[in-house]
Amino acid sequence: MSTAAGLKTVPFLIGGEWIQDTSSHITHVNPATGEVNYEVCAGTEAHIDAAVQSAQKAASKPTWRNMLPHNRAQILNRIGDLMIERSDLLARCQMLENGKVWKECKNQVINGAATFRYCAAAIETLGSEITPPRGNYVSMTVYEPWGVVAAITPWNSPITLACNKIAAALAAGNGIVVKPSSYTPTSGIELGRIALDAGVPPGVLNVVPGPGGKIGDALVTHPLVRMISFTGGTEVGRRISELAGKKIIPAVLELGGKSPHIIFADANLKAAAEAATVAIFEGTGQSCTAGSRLFVERKVYDEVILMIVERARALRVDLPDAPGAQLGPSASFEQREFVEKTVLDARKEGAQILLGGARPSDPRLAKGAFYMPTIVAGIKNNSKIAQQEIFGPVLCAMPFDDEDDLVQQANDTTYGLASGIWTADYKRAWRVARALEAGMVWINTYKQFSTAAPFGGFKDSGLGREKGLQGIRTYQQVKTLFWSMSDSFDGGFSIAK
């Protein structure tokens, strides 16, 4: 991998100050070219402590904690405006670091800005509840911030996923320490800059990149951190859950997936085939909601697979900023190696590779972490490749015989994040949607998202929900108030309520 001369060094943010004098750096490599982009200052355990202390101090100040909702909403709206103004910068940060195609990067910035605007509108209208009284008093709930939130974000969609956490946590009145993935640190750093420019008080939002094993542990175990929000792999999420349990603090975990995408014989097969192609290959398959397990009713299996193969073969794999590019590289060379090994192992075990299974032949792409769209058949649902989250452009195609067989296979996984159903029978769609063990079900569509709808999974795909009103309440704790309407104390040991 070639190294560029005169590397730019990117600082990180603590307490409103830009930290550049660090003992170590993250050398960032562009997965599309193999060239070094720049170096990013890497934080240490001491930096994490300083960031948490800063967030705690800033979040405790009445100017932030007690800010009126419409004033807080103005700041969130301003963040959204600045994201749009600087959309090319944010999109370029992501494109250089994880290889997403330009159009997808720009769309994710737009979606991130919409998340801030949604949270701004929501906090202006969210109310507390007056609960039914059981005596001569008025009882009500109020919602208060947890304090300091640790937000740990992944490399696949760093802008979108950071915005989901930051917007809701700020709307709820918290202080935040963001630890972005070492593969994709700069979009989070730029979001920190935007927050400062939008009027977020210094120290409320801090961004510290660095090795997860060291500063990630230091962050989630810090005694002042009162909530954790993590998006990433299931095994890391499991460890974070254990650490949170020891501290008795909440953890929102958005983890892996191996989502079933189901096509019944009575569906609009052309639309279903088109959706199945997009569901797995968009973003080079690096999505927790990717429709990576395709189940097609046996009587139309061959027909549907042929349509998907034709569509996948026509996809343009190219440099992320090339006009018309539809798939970029894997986000890192290590990830490409994992995808390659997974497909090779499946081939050795007897799987049929209907398409792809190799690097592209275009010499322009030889220095990047590219891998062709791949369709694997001749496997069973219990095979390793059908059970393991690959996070690459690999579709596992399998037939099913009837509805009961389908539901059994679809649910036979440790994951439960997303799923899709294609059928013309609305009764069947209802039955299967309710039977699937998944946090999200798309019916006659796939990968439709709304910042107003809760997002999260069942089983090993996570705990809690992000997005929507529920996503904002996640970042708050409930307090109940009782207001006596009596002039004297009317409680007592013998009074049952």
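Odds and ends about this structure:
- The residues on offer are Tyr137, Tyr143, Tyr118, and the sole one that is open to solvent by 10 Å² or more (accessible area, probe 1.4 Å) and in contact with a helix residue (DSSP H, G or I) (Cβ under 7 Å, 6 or more places away or on another chain) is Tyr143.
- Among the residues of segment 186-233, those that are of a type in the set (S, T, N, Q) and open to solvent by less than 40 Å² (accessible area, probe 1.4 Å) comprise Thr186, Ser187, Asn206, Ser229, Thr231.
- Qualifying positions in segment 184-214 - modelled with pLDDT of 95 or more and part of a loop (DSSP other than H, G, I, E, B): Thr184, Pro185, Gly199, Val200, Pro201, Pro202, Gly203, Val204, Val208, Pro209
- The sole residue among Trp18, Trp64 that is over 30 Å from Leu327 (Cα atoms), assigned to a strand (DSSP E or B) and of a type outside the set (A, V, I, L, M) is Trp18.
- Any hit, segment 332-340, residues being hydroxyl-bearing (Ser, Thr, Tyr), in contact (Cβ under 8 Å) with a residue 12 or more places away in the chain, closer than 22 Å to Val278 by Cβ and in contact with a Gly (Cβ under 9 Å, 6 or more places away or on another chain): no
- Odd one out for Tyr183 among (1) surrounded by 23 or more Cβ atoms within 10 Å (Cβ to Cβ); (2) more than 28 Å from Thr63 (Cα to Cα); (3) among the aromatic types (Phe, Trp, Tyr): (1)
- Residues in segment 164-177 that are in contact (Cβ under 8 Å) with a residue 60 or more places away in the chain and not small (Gly, Ala, Ser): Asn164, Lys165, Leu170, Asn174, Ile176, Val177.
- Selection within segment 444-473 - over 14 Å from the mean Cα position of the chain (by Cα), closer than 22 Å to Thr414 by Cα and open to solvent by 60 Å² or more (accessible area, probe 1.4 Å): Phe458, Lys459
- If you go through segment 236-269 and keep only what is among the charged types (D, E, K, R) and open to solvent by 10 Å² or more (accessible area, probe 1.4 Å), you end up with Arg238, Arg239, Glu242, Lys246, Lys247, Asp266.
- Segment 47-67 residues that are closer than 15 Å to Tyr475 by Cα, paired with ones that are of a type in the set (Asp, Glu) and not in a helix (DSSP H, G or I) (beta carbon under 9 Å, 6 or more apart): Arg65/Glu144
- Residue, farthest from Gly462 (Cα to Cα), within segment 228-274, restricted to residues that are hydroxyl-bearing (Ser, Thr, Tyr) and touching a strand residue (DSSP E or B) at 6+ places or on another chain (Cβ under 7 Å): Ser259
- Pick from segment 101-115, criterion open to solvent by 10 Å² or more (accessible area, probe 1.4 Å) and not β-branched (Val, Ile, Thr), ranking: nearest to Arg65 (Cα to Cα): Ala114
- Selection status of Ala410, closer than 21 Å to Leu306 by Cβ and part of a helix (DSSP H, G or I): no
- Each residue in segment 270-285 was checked for being within 17 Å of the chain's Cα centre (by Cα) and open to solvent by 10 Å² or more (accessible area, probe 1.4 Å), and 1 of them qualify.
- Selection within segment 23-37 - without any contact (Cβ under 8 Å) to a residue 40 or more places away in the chain and either in contact with a Pro (Cβ under 7 Å, 6 or more places away or on another chain) or open to solvent by less than 20 Å² (accessible area, probe 1.4 Å) (or both): Val36
- Summed over segment 286-308, the residues that are touching a Ser or Thr at 6+ places or on another chain (Cβ under 9 Å), among the aliphatic types (A, V, I, L, M) and open to solvent by 10 Å² or more (accessible area, probe 1.4 Å) give a count of 1.
The values are calculated or read from the model by the stated rules, or taken from the named source; none is laboratory data. What you see is a predicted model, and the numbers here were worked out from it, not measured in a lab. Ideal geometry is used to build each Cβ from the backbone, glycine not excepted, and the neighbour counts take in all protein chains shown. Heavy atoms of the whole protein, side chains included, go into the accessibility calculation; ligands, DNA and RNA do not. Shrake-Rupley method; radii C 1.70, N 1.55, O 1.52, S 1.80 Å.
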